[in-house]
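What follows is one structure encoded as structure tokens, with my remarks underneath.
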Amino acid sequence: MSNKKEPWFVVERSEALAGLLLTSRDDVRVQKERKLDDGVDFVVEINTGEQLSTRLFVVQVKGTTSSSPNDRMQNVKQLFKAGSRLFLPACVFVVNVRDNRSQYAWLAEPVVEAKGAKLVFHQDGLFQGLDTSAVTEIVERVKAWYDALPKQTMPA
């Protein structure tokens, strides 16, 4: 990924591959957010069996044709600077459309502590491989974070 704008097919293909990974789980619904270029490509809902689920996280997808980590970081570093404006767990997915390899990093990482839940905002991306097992890990971390929220918002 370079600073130049990627061709339209890179964007389309990377979002399609990211959506395919996310929807590999039966309990996940993905809503595409293309209205604004505000850093949110997908709003992901974790289905809890309730009619209205409020367990959401957001994903920014960046497509690339380069396998260079330097190119990747050049294109996503501005996302990490803006991360503290988020109020939901958030990830960035980087999808190489040449080889279909994907990686992810937390922008706003859901962390569970003894006294409740918090979001940790990262200044740099610690990228990890993205596959169906990584999606499961992401979803389970978000679920645990939402489970811990009432501990700090409800009186004991």
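Nothing in this text is a laboratory measurement; each read-out follows from the coordinates by a stated rule. Computed from a predicted structure; not experimentally measured. Cβ placement follows ideal geometry from the backbone for every residue including glycine, while neighbour counts extend to all protein chains displayed.
Place the peptides 89-97, 19-27, 113-121, 55-63 in order of packing, highest mean first, counting for every residue the other Cβ atoms within 10 Å and averaging per peptide.
Most protected by this proxy first, the peptides run 89-97, 55-63, 19-27, 113-121.
Per-residue 3J(HN,Hα) values for segment 16-29, derived from phi via the Karplus relation 6.51 cos²θ - 1.76 cosθ + 1.60 with θ = phi - 60°, read 5, 5, 5, x, 4, 5, 5, 7, 5, 9, 6, 9, 10, 10 Hz in sequence order (x marks Gly and Pro). With both residues required to sit in segment 8-153, DSSP beta bridges show an antiparallel share near 75%. Amide hydrogen proximity for Arg55: with H placed 1.01 Å from N in the peptide plane, the residues at 5 or more positions away or on another chain lying under 5 Å are Ile46.
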